[in-house]
Amino acid sequence: LTNERVLTAGTGISLVDGGAGGSLLISATGGGGGTSTAFLSVVDAGVTRGVMPNDAARVTNTLNFNTAITTAVSQGKILVVPPGRYEIKGAIIINNDSFRWLGTLNSELVQYQLDAPVIHCGPPLGSALTARGGICLDGASLRYNGNATVGGNALELSQVWISTFRNLNIGDVDSPYLSVSSRPYSGIHFEPTVGTLPIFSCRFEHIRIK
């Protein structure tokens with residue numbers, strides 16, 4: 001645009017700017033004065049932001065994350081992941097059709113279990129279960145807390161069809177070349193299963209990996 005525009009949130013609307021290249025998160029209340037039923041925030045679902053006191057708390061955070069995904073799918077809601085640091089120990093699992101994740105590049109998921117993916121999409125690795133489709137993962141930063149120790153496959157895909165993955169930072173993408181404390185084994189891993197395709201007709205947009 002040749003001239004500056006300013007977005008102003010009206011009554012019952014909030015705006016969260018995910019920064020350059022990120023998403024603009026718009027939250028609104030319903031016309032009747034109640035809370036919008038189209039979205040479910042992971043924070044409202046019991047996920048904690050910030051530094052966790054120990055690994056047990058990180059395991060609980062992971063369980064709450066996965067419960068929030070199941071709840072959002074069952075209720076037909078978009079899962080909102082507001083900006084912040086989310087420490088986990090164990091994989092976040094998206095094994096559902098028609099699921100939408102809405103976060104920002106400042107929605108930082110930090111994995112403390114080095115041999116696990118940060119996010120796994122699709123049925124379990126090596127299984128012959130039904131493929132998943134219609135997933136939209138929009139906005140997140142995936143990291144390992146490994147102190148330069150190589151982690152797992154940050155984003156792991158297994159039998160995922162007709163889905164979209166965009167606005168993702170994987171690893172320490174903003175750090176100098178030699179300054180790396182988060183090292184995924186693979187930024188994005190496509191798991192082959194005999195007789196199936198790991199992915200089919202998926203879209204990948206605005207993804208940085210280091």
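Element breakdown for segment 67-128 at a 1.4 angstrom probe: carbon and sulfur atoms account for 51% of the accessible area.
Positive contributions from Lys and Arg (+1) and negative ones from Asp and Glu (-1), summed over other residues with Cβ under 11 Å from the Cβ of ARG49, come out at -1.
Using a Förster distance of 30 Å, how high is the FRET efficiency between LEU63 and ILE207, based on the Cβ-Cβ distance and rounded to 0.05? The value I calculate is 0.65.
Using a simple spin-label model with pseudo-atoms 7 Å out from Cα toward Cβ, SER98 and ASN54 lie 4.3 nm apart.
By a 1.4 Å probe calculation restricted to protein chains, ILE88 has an accessible surface near 0 Å², given to the nearest 10. Charge tally around VAL73: other residues with Cβ under 10 Å, Lys/Arg +1 each, Asp/Glu -1 each, net +1. Extension gain, ASP174-LEU7: 0.36 nm per intervening residue step, less the Cα-Cα distance, totals 57.4 nm.
FRET efficiency for the pair ALA20 and LEU129, taken as 1/(1 + (r/R0)^6) with r the Cβ-Cβ distance and R0 = 30 Å, rounds to 0.15.
The values are calculated or read from the model by the stated rules, or taken from the named source; none is laboratory data. Quantities reported herein were computed from a predicted structural model and do not represent experimental measurements. Backbone-built Cβ (ideal geometry, glycine too); neighbour counts: all protein chains shown. In case anyone asks, the SASA skips ligands and DNA or RNA and just uses the protein heavy atoms, side chains included. Shrake-Rupley method; radii C 1.70, N 1.55, O 1.52, S 1.80 Å.
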